[in-house]
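The values are calculated or read from the model by the stated rules, or taken from the named source; none is laboratory data. Just so we're clear, the structure is a prediction, and the values are computed from it rather than from any experiment. Glycine also receives a Cβ, built like all others from the backbone with ideal geometry; neighbour counts cover every protein chain displayed. Heads up: the accessible areas ignore ligands, DNA and RNA and are worked out on the full protein's heavy atoms, side chains in. Shrake-Rupley method; radii C 1.70, N 1.55, O 1.52, S 1.80 Å.
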Amino acid sequence: MSFDPGSSVQDYLVFGEFGDVNPSITDSSTYTFLSPDTMEELFDHEIEGCFLYSRHWNPINKYLSQALARMEDSEAAQVTASGMSAITCAILQLCSTGDEIISSRTIYGGTYAFFKNFLPRFGISVKFVNMMDLDAIQEAIGDKTRLIYCETMSNPLLEIADIPRISKIAHAHNLQLMVDNTFSPMLFSPLRMGADIVVHSMTKFINGTSDCVAGCICASDAFIHQLIDVNSGANMLLGPVLDSYRAASILKNLHSLHLRMRKHSENAQYLAERLEELGLRTFYPGLASHPQHELMKKLMNPGFGYGGMLAIDLEDLKTANRLMVKMQEEKVGYLAVSLGYFKTLFSSPGHSTSSEIPEEDRVAMGLSDGLVRISIGLDNDIERTYQRILTSLRVIGRLDMMPV
Ligand code: PLP
């Protein structure tokens, strides 16, 4: 049964204090009570419409969480101050000393570093596997395994995880499946495909304006309540609270996400096809040459395209760097990390966002030193952008080398 996350978000209607079409921004860390009894009661359990302290809950963070739950079709959601805090809190809530995680080897560098360098300090170990190899996942499962972790569309190689089949493996062993859907909001609904927990860095497409850092966790009501439990909740006790002003602006931006994703995808598809025609090694799930193109066609929500991310392989870092500098001069976009901005952003993951991954692992996963990851913007005239990329390739001498 197909699902329309755009319409689902659109149907979420909340009003401000005076019937404002945008919910009022709550500008307080604490809330007053007429009776101490109600305050005590609220410590014990939620009371509809009552708030105690902004680290627990505040109205605007609640509204944003509810809208995100609609987008991911989850029972509940919790917004956080960053994507990393969404990931780390959810993991620390689920795993204890002695537990093991099976993780995709192609994940965001910060998550990789948390798994490889930080979790072992708490006695939690991580096995990295190729998520495209379902037998390898199956074989890696042991007595201590608690959780399988992957990205729906991986960073930076844009591999597509077969969530329905991975979730079957997870559930057959009583494991949870946690999925980072940062690269593909709207395009995929991992919870509907069998995942148990979805996390996002809202810093990227969901917000879309590169003006703040934020994250969220979408999951069952029971899990979200565990996260905010005053005695044992990772979010409550580690405290990565999203600021109310930011929550308000992200909520407004969320309502145009369906349109933005469509345009990001349309522009990325155009460029990916042209760049591949030039003979450049191009990674984009909307290309027939992409190893999981057919799988994506089967799993994606219709109408949003194949996403705004693409990567090209320039083979060596020097060439990649020269191209990026030239593309910035030609106004293709910015040489900057991050993604999902309305302008085009490009970086070399091997030496930035994936540099935490050791070289031998990068080689094993096919992440070349010359990979340029491009987050395609909302350019009105994408042919003009393509011509600027062509000029940049020509200036660095790459065009002459290719069979046009
Ligand atoms: N997940 C993915 C796929 C990312 O690309 C990033 C950041 O680049 C993160 C998580 C971390 O998010 P944040 O920077 O908002 O903490």
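Under the rule of -39500 (n - 2.57) per DSSP H run of 4 or more residues, summed and divided by the residues of the chain, what mean residue ellipticity at 222 nm is obtained, to the nearest 500 deg cm²/dmol?
After summing the helix terms and dividing by the residues of the chain, the value is -10500 deg cm²/dmol.
Sorted by average packing, counted as other Cβ atoms within 10 angstrom per residue and highest first, what order do 208-218, 88-98 take?
Ranked by mean Cβ neighbours within 10 Å, highest first: 208-218, 88-98.
When a/c reaches 1.5 or more, the comparison of a/b and b/c decides; with that in mind, is region 257-395 rounded, prolate or oblate per its Cα gyration tensor?
In terms of gyration-tensor shape, oblate.
For the chain, what does the relative contact order come out to in percent, with C-alpha contacts under 8 Å and a separation of six or more?
Averaging sequence separation for qualifying contacts and normalising by length gives 17 percent for the chain.
Between region 253-282 and region 82-111, how far is it from one alpha carbon centroid to the other, in angstrom?
The two parts, judged by their Cα centres, are 29 Å apart.
Which value in nm describes the separation of the simple spin-label points at T97 and A140, placed 7 Å from the Cα toward the beta carbon?
2.5
Under 14 Å from the Cβ of N174, count the other residues' Cβ atoms, weight Lys and Arg +1, Asp and Glu -1, and hand me the total.
-1
Using bins 10 angstrom wide from zero, how does P(r) for the chain break down, in % of all Cα pairs?
5, 23, 31, 24, 12, 4, 1, 0
D37 to E315: extension gain in nm, 0.36 nm per residue of separation minus the Cα-Cα distance?
93.4 nm
From the gyration tensor of the Cα coordinates in region 1-102, what semi-axes in whole Å does the equivalent ellipsoid have, largest first, with each one equal to sqrt(5λ)?
27, 24, 12
Across region 222-236, in residue order, what do the Karplus-derived ³J(HN,Hα) couplings come to in whole Hz, using 6.51 cos²θ - 1.76 cosθ + 1.60 with θ = phi - 60° and x for Gly and Pro?
Computed from phi, the couplings for region 222-236 are 4, 5, 5, 5, 4, 4, 10, 5, 5, 9, 9, x, 4, 5, 5 Hz.
Based on the Kirkwood radius over alpha-carbon pairs, what is the Stokes-Einstein translational diffusion coefficient of region 49-114 at 4 °C with 1.567 mPa s viscosity, in µm²/s?
After rounding, the answer is 92 µm²/s.
Could you please report the charge total around S74, scoring K, R as +1 and D, E as -1 over all other residues with beta-carbon less than 13 angstrom from its beta-carbon?
With Lys, Arg at +1 and Asp, Glu at -1, the neighbours total -3.
Only residues of region 7-30 count here: report those whose backbone N is under 13 Å from the spot 7 Å along Cα→Cβ of K252, or say none.
21-25, by backbone N distance to the label point.
I'd like to check one number: the per residue accessible area of region 1-107, probe 1.4 Å, reported in Å² as a whole number.
Accessible surface, normalised per residue, equals 51 Å².
Can you check what the net charge comes to around F51, using other residues whose Cβ is under 14 Å from the Cβ of F51 (Lys, Arg +1; Asp, Glu -1)?
-3
Can you give me the distance in nm between label points at F18 and L399, each placed 7 Å from the Cα along the Cα-to-Cβ direction?
Each label point is offset 7 Å from its Cα along the Cβ direction, giving 5.7 nm.
Which of N380, L310, P349 sits closest to the plus end of the dipole of region 257-395, meaning its Cα is farthest towards the positive end, when Lys and Arg get +1 and Asp and Glu get -1 on the C-beta?
Going by the charge dipole, the pick is N380.
Can you compute the modelled spin-label distance between D27 and F342, with each label point 7 Å from Cα toward Cβ, in nm?
So the label points at D27 and F342 sit 2.5 nm apart.
Which order do peptides 369-382, 173-186 fall in by mean Cβ count within 10 Å, highest first?
The packing order, highest mean first, is 173-186, 369-382.
In straight Cα distance, which lysines are under 22 Å from K326, not counting same-chain residues fewer than 8 positions off?
Partners within reach: K318, K343.
Step through the residues of region 253-262 one at a time and calculate ³J(HN,Hα) from phi using the Karplus curve (6.51 cos²θ - 1.76 cosθ + 1.60, θ = phi - 60°), rounding each to whole Hz and writing x for Gly and Pro.
Here the 3J(HN,Hα) series is 5, 4, 6, 10, 4, 4, 6, 5, 4, 4 Hz.
If packing is taken as the average number of other Cβ atoms within 10 Å across a peptide's residues, how do 150-162, 65-77 rank, most packed first?
The most tightly packed comes first, giving 150-162, 65-77.
Obtain the radius of gyration and the Kirkwood radius of region 26-65 from its C-alpha atoms and give Rg over Rh.
My calculation puts Rg/Rh at 0.95.
What is the dipole size for region 129-262, taken about its Cα centre, with +1 at each Lys and Arg Cβ and -1 at each Asp and Glu Cβ, in debye to the nearest 20?
460
Which pairs in the list K204/K298; K62/K168; K116/K263; K62/K144 are over 27 Å apart, alpha-carbon to alpha-carbon?
From K204/K298; K62/K168; K116/K263; K62/K144, over 27 Å: K62/K168; K116/K263; K62/K144.
Cα-Cα pairs above 21 Å in region 20-162: how many percent?
58
Would you work out if region 167-300 is rounded, prolate or oblate? Take a ≥ b ≥ c from the square roots of the eigenvalues of the alpha-carbon gyration tensor; rounded if a/c is under 1.5, else prolate when a/b is larger than b/c, oblate otherwise.
oblate
So if each residue of separation counts as 0.36 nm, and I subtract the Cα-Cα distance between H351 and D243, what length gain in nm does that give?
35.8 nm
Rounded to whole Hz and in sequence order, give me ³J(HN,Hα) for region 321-337 from the Karplus expression 6.51 cos²θ - 1.76 cosθ + 1.60, θ = phi - 60°, writing x for Gly and Pro.
5, 5, 5, 5, 4, 5, 5, 5, 4, 7, 6, 5, x, 10, 7, 7, 6
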